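In what follows, a single structure is set out as structure tokens and then discussed.
The values are calculated or read from the model by the stated rules, or taken from the named source; none is laboratory data. Everything numeric here is computed off the predicted structure, so don't read it as measured data. Don't worry about glycine lacking a Cβ; one is built from the backbone with ideal geometry, like all the others, and counts go over all protein chains shown. Just so you know, the surface numbers come from the protein's heavy atoms only, side chains and all, with ligands and any DNA or RNA stripped out. Shrake-Rupley method; radii C 1.70, N 1.55, O 1.52, S 1.80 Å.
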Amino acid sequence: PYLRVDGQLQQVDWAQALDSLAAKLQPLKGSQIAALAGDLCALEDVVALKDMMGKMGSKNLECRVDGAEFDVSSRAGWLFNTTIAGMDDADAILLIGTNPRSEAAMLNARIRRNWVERRIPIAAIGEEWDSNFPVEMLGTGPDDLKKLIKARSGFAKTLKNAKRPMLILGMGALQRTDGLAIQALAKKAAESFGMITDDWNGFNVLHHAAGRVGALEVGFTPAKGFDLSGMKAVWLLNTDTDMIDQISPDAFLIYQGHHGDAAAGRADLILPGASYAEKDGLYVNTEGRVQMARKASSPPGQAKEDWKIIRAFSELYGKTLPYDSLSQLRDR
């Protein structure tokens, strides 16, 4: 662990690190503290941090650290509902703001196989990319999606006539200031072209951050928006993010992670965690399927599993979290 003293990061032991953190956070109100969960977070670590933030009275949580904006009130609004295996049944595909070849190689292979075997029609709205199957480009932005919804010919007719049409909405479309509006347009397109029926859901969001869907599943999002620049303390859990620029230079910044980046250099306290290869952990894939990562090696040096760091801090803070083992945390 490292603690910033007189402007310089100095190596300290775990007791000093967690004592200093408790001393810094105890005088603050929950509304003055925020936590960001990054792309590599295991589900157990996210739950532990969410519980800890709850003990401190804070609801300022965010896992969309790449700036993506979308409605999280309905689970179907941010999952890959068709499922990856279910893609084989699609007979028309619309891609919106995504490059599956670079973002999801396995998914891209399924699209290509579907085209090779059945020559299904595929179209896209967004930036062009080097595809390995034919794609009809319909435009680059939201206005082109609106035109498609209103159209009665061309690819709009193809989608209407398809028995199991589907769309894939990528992060490229949601990492914009109008991400919410684009998600709403994509939903409207799915409804207009009959993509949602009793036995088929063709509305899909493609996530490419390993920890994102799990964090969404357990509600690591704010009840309402919050101003990161107004926070007096910000806890970064495995967060490599441009959002660092939104944090006030006067805020106390906690960096909990395993490889260090700009955020670690800016941090007032560094808590060395274990990487995904150095601990057992649960992750949830883009379709909502829970998957288990097995520990391949032990954390180096004094690094510890992230949930254990948070659990140890909770005791010093005086709000002990109710689990002492990974199995107990998974029960929670």
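So the values come out like this:
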item: Table column - 3J(HN,Hα) (Hz), segment 254-262, Karplus curve with 6.51, -1.76, 1.60, x for Gly and Pro; result: 9, 10, 10, x, 9, 9, x, 7, 4
item: Environment charge at Asn161 (Cβ cut-off 12 Å; Lys +1, Arg +1, Asp -1, Glu -1); result: +4
item: C-alpha center-to-center spacing [segment 212-262, segment 308-328] in angstrom; result: 20
item: Candidate residues Thr140, Thr98, Thr177: accessible-area rank, largest first, probe 1.4 Å; result: Thr177, Thr140, Thr98
item: R0 of 22 Å, Cβ-Cβ distance Val72-Asp242: FRET efficiency to nearest 0.05; result: 0.60
item: Of all accessible heavy-atom area on segment 226-332, the percent that carbon and sulfur account for (1.4 Å); result: 47
item: Over 26 Å (Cα to Cα) - which of Lys147/Lys187; Lys59/Lys232; Lys24/Lys304; Lys59/Lys319; Lys224/Lys304 fall in this group; result: Lys224/Lys304
item: Point-to-point label distance, Asp91-Thr320, nm (Cα→Cβ direction, 7 Å offset); result: 6.2
item: Listed residues Tyr276, Tyr283 arranged by accessible area, highest first, probe 1.4 Å; result: Tyr276, Tyr283
item: Only Lys, Arg (+1) and Asp, Glu (-1) charged, at Cβ; the chain dipole about Cα centre in debye; result: 920
item: Kirkwood Rh in Å, taken over all unlike Cα pairs in segment 164-226; result: 13.2
item: Rounded, prolate or oblate (a/c below 1.5 giving rounded, otherwise prolate when a/b exceeds b/c) for the chain by Cα gyration tensor; result: prolate
item: FRET efficiency estimate (nearest 0.05) - Cβ-Cβ, Asp19 to Lys157, R0 56 angstrom; result: 0.25
item: Convex hull projection area averaged over all views, segment 263-312, Cα basis, nm²; result: 4.8
item: Largest-first principal axis extents, alpha carbons of segment 59-140, Å; result: 49, 26, 20
item: Distance from segment 286-301 to segment 120-186 (C-alpha centre basis), Å; result: 34
item: Solvent exposure, largest accessible area first (probe 1.4 Å, DNA, RNA and ligands not counted), of Asp51, Asp19; result: Asp19, Asp51
item: Restricting segment 17-56 to trypsin sites (Lys or Arg not before Pro) in coil, as DSSP defines it, with at most 13 other Cβ within 10 Å; result: Lys29
item: Difference of contour (0.36 nm per residue) and Cα-Cα distance, Met292 to Ala105; result: 65.3 nm
item: HN-Hα J in Hz across segment 116-124 - Karplus 6.51, -1.76, 1.60, θ = phi - 60°, x for Gly and Pro; result: 4, 7, 10, 6, 5, x, 9, 9, 9
item: Solvent exposure of the chain as accessible area per residue, Å², 1.4 Å probe; result: 46
item: Asp324 - accessible surface, heavy atoms, 1.4 Å probe, Å² rounded to 10; result: 110
item: Cβ charges +1 (Lys, Arg) and -1 (Asp, Glu), total dipole of segment 190-280, debye; result: 280
item: Local electrostatic count at Val46 - Lys and Arg +1, Asp and Glu -1, tallied over other residues with Cβ under 11 Å; result: -3
item: Kirkwood hydrodynamic radius over Cα pairs of segment 99-143, then Stokes diffusion coefficient at 10 °C and 1.306 mPa s, in µm²/s; result: 143
item: Qualifying aspartates and glutamates (Cα of each under 17 Å from Cα of Lys295; at least 8 residues distant if same chain); result: Glu44, Asp45, Glu278, Asp280, Glu305, Asp306
